[in-house]
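A short worksheet on the structure shown next.
The values are calculated or read from the model by the stated rules, or taken from the named source; none is laboratory data. Everything quoted here is computed from the prediction, not taken from an experiment. In this analysis, Cβ positions are derived from the backbone assuming ideal geometry, glycine residues included, and neighbour counts consider all displayed protein chains. The accessibility values were calculated without ligands, DNA or RNA, using every heavy atom of the protein model including side chains. Shrake-Rupley method; radii C 1.70, N 1.55, O 1.52, S 1.80 Å.
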Amino acid sequence: MSRFSFPIVLGVIAIAAIAFYSGRHSAPVAAEGAETEAKQKVENAAISTKGKSVSPATQPKHALVRAPGSHMLDSAVSNASQRAPLPPANTPLKSILADLKARADAGDADAASRLFKDMQTCTQVQRLSQTMPGLANRVLGDASAMDAQRQNRMLDFVQRNLDYTKNNAAMCADLSADDMASLVPATLQAAQLGDPEAANCYVGANLNNWPGLLDNPQWVQDYKSNALNLANGALQQGDWAMATLMAQAYGGSTRQSNMLGQLTGANPAQAYTYAKLMSLGQPSGSQPSTRSTNALTNLSSQLTPDQIQAADAQAQQMYQQYFNSTPRQTGDVANAMRSCQGGP
C-alpha cells in the first residue's frame with residue numbers, strides 16, 4: 001500500500017464531512033433506575049401528550065414548542081399564501097441576508113429554512129475553497145506512490161468539490177466573518193420553526209465546525225437549552241436519523257467535539273433502548289449488521305433483566321407511537337446525515 005493512499009482517503013472523508021454538523025443524529029428516555037428518573041418522566045410526559053394539545057402550564061420542560069415538521073408559525077405568517085415569495089435560488093446571500101433574517105424572526109419558516117440552507121452551503125464553500133487546492137496538489141505531487149485508479153478516484157472527488165465551490169461562489173461572495181457566524185443561530189431558528197434537516201444538523205453539531213463560537217459563548221448554553229427539545233420533537237415525527245444520533249450519544253460512540261454526547265453522557269440502558277428501536281426499524285428484507293447485533297449484545301450484558309424488559313417496552317412503544325411501526329427505508333439515515341455535511 002502506498003504511503004499516502006490510506007491517510008489521504010481518511011483526509012478526504014474528513015473534509016467531505018466538514019459542514020456544520022458532523023451529522024442528522026436524538027431523545028425520549030428509557031427507564032433504568034434512579035439516575036435517569038427525571039429524564040424518564042420527560043419521555044413519559046411526551047408520550048402521554050402525543051397527539052394532544054398541551055397548555056403552557058402543563059407543558060413538560062423538554063416538550064418542543066415548535067416541533068420539527070409541525071410548522072407552528074406566528075399567526076402573521078401562518079398562511080403560506082400571505083407570505084412574499086422567497087428570492088430566486090442562487091441570489092447572492094449578502095444581498096438578502098438581512099431580509100431573510102427579518103422574515104425568519106417574524107416566524108416565516110420558509111425564510112428560516114432558506115437562510116439555514118444558504119448559510120450551510122456558503123460555510124462549506126469557504127472550507128472547501130481553503131482545503132481542496134492543497135489536497136489536489138498532494139495527490140498530483142505523489143502520483144508515483146499510488147496506482148492510477150486510486151489517483152483518478154481522488155482527483156475526481158477533488159474536482160467535484162472544486163466545481164461545487166465554483167458553482168456557488170457568486171451566491172457566497174462578499175460574506176464577512178460576522179455574516180458566516182449566522183449559521184449557528186440560523187440553524188437553531190429553522191429547527192424551531194419546523195425544518196427537520198436543521199433540527200438534525202443542530203442536534204448533531206460538532207463544536208469544531210461552529211464558526212464564531214469563541215466570540216459567542218452563549219451558543220453553548222443555547223444548545224444545552226434546546227437540543228433535547230428538538231430531539232424529542234424530531235423523534236415524535238418519526239425521524240430515524242435522530243434516533244441514530246441518540247443511540248450514538250448514549251452509547252458513548254460520539255467524539256468529544258460532538259455536543260450531544262457531552263449533553264447526554266454515556267448511558268447503557270438508554271443506549272440499549274435506541275439500539276433496540278433501530279433494530280425494530282430494520283429496513284424490510286435486510287439483515288441487521290454485525291455491528292448493531294453486537295451493540296445490543298454488549299449493552300444487554302451491562303443491564304439487569306428488569307432494565308432490559310423496561311428498555312424493550314420503551315423501544316416498542318416509541319416504534320409504534322412515533323414511527324407507526326413502519327421500518328425505515330434503506331439509505332434513509334445515511335442520506336439524512338449526509339445532508340448536514342454540505343458539498344456535492
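Within region 312-338, no residue that is more than 18 Å from residue 284 (Cβ to Cβ) and of a type in the set (D, E, K, R) sits with its Cβ atom under 7 Å from a residue that is open to solvent by 20 Å² or more (accessible area, probe 1.4 Å) and not in a helix (DSSP H, G or I) at 6+ positions apart or across chains.
In region 295-344, the residue that is surrounded by the most Cβ atoms within 10 Å (Cβ to Cβ) out of those that are of a type in the set (Val, Ile, Thr) and under 20 Å from the mean Cα position of the chain (by Cα) is 333.
Looking only at region 257-279, decide whether some residue is within 15 Å of the chain's Cα centre (by Cα), closer than 16 Å to residue 297 by Cα, polar (S, T, N, Q) and open to solvent by 30 Å² or more (accessible area, probe 1.4 Å). No; the residues of region 257-279 include none that is within 15 Å of the chain's Cα centre (by Cα), closer than 16 Å to residue 297 by Cα, polar (S, T, N, Q) and open to solvent by 30 Å² or more (accessible area, probe 1.4 Å).
Just name the residue that is surrounded by the most Cβ atoms within 10 Å (Cβ to Cβ) out of those in region 158-173 that are assigned to a helix (DSSP H, G or I) and out of contact with any helix residue (DSSP H, G or I) (no Cβ under 6 Å at 6 or more places or on another chain). Within region 158-173, the match that is surrounded by the most Cβ atoms within 10 Å (Cβ to Cβ) is 164. Can you find even one residue in region 322-335 that is modelled with pLDDT of 95 or more and not in a loop (DSSP other than H, G, I, E, B)? Taking every residue of region 322-335 in turn, at least one turns out to be modelled with pLDDT of 95 or more and not in a loop (DSSP other than H, G, I, E, B). Condition test on residue 141, is it under 18 Å from residue 343 (Cα atoms) and surrounded by fewer than 17 Cβ atoms within 10 Å (Cβ to Cβ)? Against the criterion (under 18 Å from residue 343 (Cα atoms) and surrounded by fewer than 17 Cβ atoms within 10 Å (Cβ to Cβ)), residue 141 does not qualify. When 277, 303 are screened for being in a loop (DSSP other than H, G, I, E, B), more than 27 Å from residue 210 (Cα to Cα), at pLDDT 90 or above and not polar (S, T, N, Q), only 303 passes. Residues being at pLDDT 95 or above and of a type in the set (Val, Ile, Thr) are entirely absent from region 210-221. Taking region 195-214 as the range and being in a helix (DSSP H, G or I) and of a type in the set (D, E, K, R) as the test, only 197 passes.
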